Every structure is written in structure tokens, then in C-alpha cells.
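A.B. asks: Got a structure here, written out as C-alpha cells. Questions coming.
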Amino acid sequence: MKIECIKTHHLRCHLEKPFGFSQWSYDQRNVLVIEVISDTGVSGWGECYGPADVTQSAVSNFYAPRIIGLDALATDYVWHHMWRSSLDFARGGIMMGAMSGIDMALWDLKGKALGQSVSELMGGRHRDVVPCYATGMYFQDLPEHELLPSLIEEAKGYAAEGFQAMKIKVGKNPDFDEKLIKAMREALPTTQLMADSNHGYDLPEAIKIGRLLDKYDYAFYEEPLSPEHGNLYKKLNDKLDISIATGECEQTRFGFMKLIESGGVDLLQPDLAYCGGPSEALKIRTLASANGINCIPHVWGTMLNFAAATHFLASAYHEPGRAEPKQLFLEYDRTENPLRDDIYKVAVQIKDTGAIVPTTPGLGVEINTSAMNDFDINNTETS
């Protein structure tokens, strides 16, 4: 079974309600989805996290011509073929994002060809339902005295839906963040809360906010510091009890090994649409396991990445293991996203705030190509 054709689709939608976090605000969503088609007609789909227009060129102009004709089932061979082809100038960044989407599509194709779900290909399911945490509480263009109660009400809404865990955004400014952290805990005293600053703090700010998160019993502190300053994570971790989580900006087993060696990270968060794809995520998970660290994917984008992360956690063994297992929560983004919610005729089902692990071959989700065309602003085909 050979790779015969690779198609890409740059999808874009405009948001009715723009949202922001510590770094930026967005009024639209963009994503690149990829279809890899074999010479037998079996195809697989994947997606890339990153700037879709730039990543599209990396896929269609660089990687696709180099892997046409290769064995479509040899996921690891194809990955390393792509890796070596750009090793001298693209060990990370947008090129790795492009590789990630191709790799995800090949895993989907492989599962369909072999009649197995991706979680079966990853070693088998440990669980049939993966518990989800709600990601939300993004910043809106409101005065702070209006924004704070708005975020609290949003969180209460998720709790009313049954979510036992959720992640808020911090990093707007330390004074507002302190008020939000305290108010959120007072409003939701039994909910497992996490906080994500999207690398919005310097070290003194991160320590101050981290101590407040400790005080109010938050479960983990995500991206408190810039990914450019891995050496600072150890200094931060030494001063806090809360678990430090990071990795959505990191790529490959080599990059994550440096994070682990820093000694300042307790939870790794590779994004399967960016870190190198499912093939590389499994290697990252092995490194994490060998160092006694758990690995929970960052999830953003469409249902393809959500499905890949669902299979990844369904097949995960938590560290260090015990008779009563530790829950590994799947990130469930609750912000407006037509590219996730409106173009799939088969999606991962959520029941009682848990993601039901697909058992059909491949990723177990299916794009409605007719609906996708409404958002397709540019497409390519390489054969």
C-alpha cells in the first residue's frame, strides 16, 4: 500500500464572540487539515497546529513530494524519512507542525487499512471513556469589574453541566489574576481547578501567582514561564508545591528530553498536531514514563486532534500506577469553534463529561467534506 496523493485544506471561520488570553486575542480560527490517500483508495485525515497558510506550503511543497510512493503503513519509517529530509534546517517549528499532521493522517489511514482503532494500534485501551476537563474562561473585551463575574458565571455553567475539572486562564495582569483565582475557588469549592498563563509571567510574578494557586488548591499551573527559559522552571518548581505543566510549545522527543532534564516540570503536554504527531507523542510518553512523569496532551483545533488525544489517553498508563488509578483528564476546549463542531458527520461523543473512545478503525471521526467546503479558503493536491 503506497502513498499516492496528499491533499491539504486551509479552513477558516470568523468568530461571533472573539476571545483572548495573556498574549493575544482572536476573532477567527484557522486550521490545516490533511488527507493522505493510498493507491488502494484507503485514506486518512490529520491536522496541523500552527499558522495554516505557512504550514500548508511546508506540506504541499516540501514533504508531500518526498513521501509520495512510500509505504503508507510504515508510519515510523515515513516519519524518519521526513525528519532526515529537513533535519539540517527544521528540527522544530512550522515544519514539525506539518510533519505532525501528515503523521496523524497516516495513523488514521493505517487503522482503517488494518481494521483497528488508533488506541488499539497504540497498545490497547486501558479505558473506554476518558474523563474531560473544560477549558474556557478566556478573556473578553470587558472592563475588569465586568469580566470577573462573567468568567465566574461561565465556570459555574460548566459545573452545572457536570464537569468536575476545568482550566481557567490567567496572565492578564497579576492583580486581576489574584482576584480571579480566589473568586473561582470560592465559587467552586469542590471542583478540580487548573490555571494556564500561556507563558505570561516573569519568574517573580510566576512565584507569587504559584503560591496563590497552592493556597487555593489548584491542581496544576500551566505554562507559567516562557518556553525560551527552561532553566527558570527548576527555580520556580523549587518554591512551589503545585504541579508545573508545560510542553504545548515543545516538539520531538529531543525537545521534551530537555524539558525533563531541566528538573522543573511535573506534567508534560505535547500537542499531537504539533509535537511530531502520534508517532512522536508515543516516544515522548515513554520518556516521561521513564522519568516518573505523566503526559497529558494539549488539545486545540478540530475533532481530528481531539480524537487523536482521546486515543492517546485511552491507551495511557498513569505513573506510577496503583490499584485505584489516577484520572488522566482530556482537555476539552469549550470556546466557539465551527471547524470542530460543524464539519464532522462522525465525531467523538461526549457523555457525562467523558469522551467515549472510538472503536471504529482509525481515529474514528469523519469529515463531512461538503460542510468543510464552506470553510475551505485554499486547497492543494500533490500526487
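Rule-based calculations on the coordinates, nothing more; no lab input. Bear in mind that the values here come from a model prediction, so they are computed numbers and not experimental data. FYI the Cβ positions are ideal-geometry reconstructions off the backbone, even for glycines, and counts take in every protein chain you see.
A.B. asks: Pairs of Cα atoms under 8 Å, at least six residues apart: use those to get the relative contact order of the range 3-115, whole percent.
C.D. replies: The value is 31 percent.
A.B. asks: Please arrange MET99, MET257, MET194 by how many other C-beta atoms lie within 10 Å of their C-beta, fewest to most.
C.D. replies: Ordered from fewest to most neighbouring Cβ atoms within 10 Å, MET99, MET257, MET194 come out as MET257, MET194, MET99.
A.B. asks: Along the range 70-79, what does the Karplus equation 6.51 cos²θ - 1.76 cosθ + 1.60 (θ = phi - 60°) give for ³J(HN,Hα), rounded to whole Hz, x for Gly and Pro?
C.D. replies: 7, 5, 5, 8, 8, 4, 5, 5, 4, 4
A.B. asks: Follow-up question, since we're still on this one. Can you tell me which aspartates and glutamates have their Cα less than 12 Å from the Cα of LYS182? Leave out same-chain residues fewer than eight positions away.
C.D. replies: The reachable aspartates and glutamates, counting only those whose Cα sits under 12 Å from LYS182, are ASP214, ASP217.
A.B. asks: Let's see if you can work this out: charge +1 on each Lys and Arg Cβ, -1 on each Asp and Glu Cβ, no other charges. What is the dipole magnitude of the range 3-115 about its Cα centre, in debye to the nearest 20?
C.D. replies: Result for the range 3-115 is approximately 140 debye, rounded to the nearest 20.
A.B. asks: Now for a separate question. Projecting each Cα onto the charge dipole of the chain (Lys/Arg +1, Asp/Glu -1 at the beta carbon, about the Cα centre), which of PRO361, THR8, GLY124 comes out farthest on the positive side?
C.D. replies: Most positive-ward Cα: GLY124.
A.B. asks: Would you give the gap between the C-alpha center of the range 313-372 and the C-alpha center of the range 292-307, rounded to a whole Å?
C.D. replies: A separation of 9 Å, based on Cα centres.
A.B. asks: Follow-up. I need the phi-derived Karplus couplings for the range 115-132: 6.51 cos²θ - 1.76 cosθ + 1.60, θ = phi - 60°, integer Hz, Gly and Pro marked x.
C.D. replies: Couplings: x, 10, 6, 4, 5, 5, 5, 7, x, x, 7, 8, 8, 9, 10, 9, x, 10 Hz.
A.B. asks: Could you pull out the chymotrypsin sites (Phe, Trp or Tyr not before Pro) across the range 67-172 that fall in loop regions by DSSP (anything but H, G, I, E, B) with no more than 15 other Cβ atoms inside 10 Å?
C.D. replies: Counting only loop positions with at most 15 other Cβ atoms within 10 Å, the chymotrypsin sites (Phe, Trp or Tyr not before Pro) in the range 67-172 are PHE89.
A.B. asks: Placing unit charges on C-beta atoms (Lys and Arg positive, Asp and Glu negative, everything else neutral), compute the dipole magnitude of the chain about its Cα centre in debye, rounded to 20.
C.D. replies: That gives the chain a dipole magnitude of about 840 debye.
A.B. asks: Same structure, new question: Using Cα pairs under 8 angstrom and six or more residues apart, how large is the relative contact order of the chain, in percent?
C.D. replies: Rounded, it is 23 percent for the chain.
A.B. asks: Using the Karplus curve 6.51 cos²θ - 1.76 cosθ + 1.60 with θ = phi - 60°, work out ³J(HN,Hα) for each residue of the range 39-55 in order, rounded to whole Hz, and write x for Gly and Pro.
C.D. replies: 6, 9, x, 6, 10, x, 10, x, 9, 10, 8, x, x, 4, 5, 6, 5
A.B. asks: Could you put VAL33, VAL54 in order, starting from the residue whose Cβ has the fewest other Cβ atoms within 10 Å?
C.D. replies: Ordered by Cβ neighbours within 10 Å, fewest first: VAL54, VAL33.
A.B. asks: Students often get this wrong, so check it: of LYS17/LYS169; LYS112/LYS326; LYS172/LYS326, which have C-alpha atoms separated by over 23 Å?
C.D. replies: LYS112/LYS326; LYS172/LYS326
A.B. asks: Using only Cα atoms and rounding to the nearest 10 degrees, what angle (0 to 90) does helix 203-215 make with the longest principal axis of the chain?
C.D. replies: For helix 203-215, the angle is close to 70 degrees.
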